[in-house]
Amino acid sequence: MMIVVSIAGSICLLLFVRLLQYRQQIKSINKQIQFIQQHESNLLLTNQFSDKQLNELLNLLNQLLIEHRSNKITAQKQGQQLKDSITNLAHDIRTPLTSLDGYFQLLVKSEDEEKRRQYIEIIDNRVKTLTELLETIFTYTKLENDAYEIEMEKIQVNQVLLETIFTFYQQFSKIQLEPTISITETPLFILGNSAALNRIFSNLIKNSLDHGQRNVIISLIAEEDQAVFLFENDLSPNSELDMSKIFSKFYISDKARGGNSTGLGLFIVKELVEKMNGQIEAGLVGQVFTICLKIPLFK
């Protein structure tokens with residue numbers, strides 16, 4: 001009988017000691033969590049004694065801490081990127097507005113018909129630039145809405161591509177650049193949206209105009225059950241592209257922010273192509289930059 005009592009007492013003592021250890025460990029974990037919260041520390045939770053279940057719990061908590069810190073860093077970067085982007089967009093909009101005001105004042109004061117004609121032409125160009133910027137921002141805000149869908153219909157893409165290229169004729173002529181155009185004569189039809197296609201082609205052609213040197217190639221062929229579009233141009237020798245960010249929001253390769261780029265052009269292209277169940281990829285071989293679109297043909 002005494003042996004049984006002794007054994008029972010020993011077990012109770014061991015359980016009591018174990019309970020005290022658990023309570024001590026829980027207090028330690030609480031203190032560690034409070035310290036991490038108050039000091040935004042990168043420390044992880046530790047255990048003072050070995051226990052399988054408690055170690056599993058600490059491992060899970062540490063994983064959550066690591067994920068939380070990673071998400072926080074990502075959110076901070078995105079927040080800063082958004083602030084920088086808003087600043088840049090405000091600058092892009094303010095520049096043509098300021099220019100408009102200046103040339104309008106010159107137009108009002110000038111009595112020279114030739115100068116007035118020049119001022120009117122400049123004002124017209126600034127208005128077009130501003131309109132394009134605002135349209136780009138408007139398209140971007142629509143695409144950021146997950147519920148946004150585009151109306152789809154049967155479209156002959158050969159015609160849309162040729163019409164879009166033609167609208168850039170003067171801009172190509174102005175810089176004395178003649179694009180190489182190769183578009184199949186076989187009518188190709190897709191299930192898509194004419195306005196979206198026009199925006200896609202316009203953004204890609206504008207990208208070639210802004211960054212292309214010498215050779216600009218635009219082609220369209222049928223490959224199995226897809227319409228394949230290829231936009232290719234040579235880059236200037238000092239161009240620096242981060243191919244991992246080509247289709248990212250607000251990515252601008254020109255750190256000096258030359259021109260009126262919002263850094264949204266290729267992002268919008270990618271989003272619209274995917275809205276039409278297509279695929280897009282970019283490549284860089286030497287100084288030759290290529291964007292390839294593939295959209296399923298309408299059957």
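Each value in this text was obtained by applying a stated rule to the coordinates, not by laboratory testing. Fair warning: this is a prediction, and the values are worked out from it, not measured in the lab. Positions of Cβ are generated from backbone atoms using ideal geometry, with glycine treated the same way; all protein chains shown enter the neighbour counts.
Here is how the numbers come out for the structure above:
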| quantity | calculated |
| --- | --- |
| Rh by Kirkwood over Cα pairs, then Stokes-Einstein D for region 74-143 at 1.567 mPa s and 4 °C, µm²/s | 93 |
| Cα gyration tensor category, rounded, prolate or oblate, for region 153-296 with a/c compared to 1.5 | prolate |
| Within the chain, percent of DSSP bridges classed antiparallel, to nearest 5 | 90 |
| Segment Lys72-Lys115, length gained on full extension (0.36 nm per residue, minus Cα span) | 9.9 nm |
| Nonlocal amide H pairs with Gln226, under 5 Å, H built at 1.01 Å | Leu297 |
| Choice from Gln105, Gln213, Gln226 with maximal GNM fluctuation in the chain (Cα, 10 Å cutoff) | Gln105 |
| Region 111-176, Rg to Rh (Cα coordinates; Rh as Kirkwood inverse mean 1/r) | 1.14 |
| Extended-chain gain in nm, criterion 0.36 nm per residue less alpha-carbon gap, Leu230 and Asn125 | 34.9 nm |
| Theoretical ellipticity at 222 nm over the chain - DSSP helices of four or more residues, -39500 (n - 2.57) apiece, nearest 500 | -20500 deg cm²/dmol |
| Value of D in µm² per second that Stokes-Einstein yields for the chain, Kirkwood Rh from Cα pairs, at 10 °C (1.306 mPa s) | 65 |
| Estimated FRET transfer efficiency when R0 is 25 angstrom, pair Glu151-Gln279 (beta carbons, to 0.05) | 0.75 |
| 0 to 90° range, to nearest 10: angle between helix 52-109 axis and the chain longest Cα axis | 20 |
| Average silhouette area of region 83-205, convex hull of alpha-carbon atoms, in square nanometres | 10.9 |
| Cα-based helix-to-principal-axis angle, 2-39 vs the chain, degrees rounded to 10 | 30 |
| Potential extension, Ser182-Thr98 segment - 0.36 nm per residue separation minus Cα distance | 26.1 nm |
| Straight-distance crosslink candidates among lysines, where the alpha carbon sits under 29 Å from Lys52 and sequence neighbours closer than 8 are dropped | Lys27, Lys31 |
| Angle in degrees between helix 157-167 and the longest Cα principal axis of the chain, rounded to the nearest 10 | 60 |
| Residue range of the chain that is longest and free of GluC sites (Glu not before Pro) which are both DSSP loop and sparsely packed (at most 13 other C-beta within 10 Å) | 41-110 |
| Shape parameters for region 186-227, alpha-carbon atoms, Rg then Dmax in Å | 12.6, 34 |
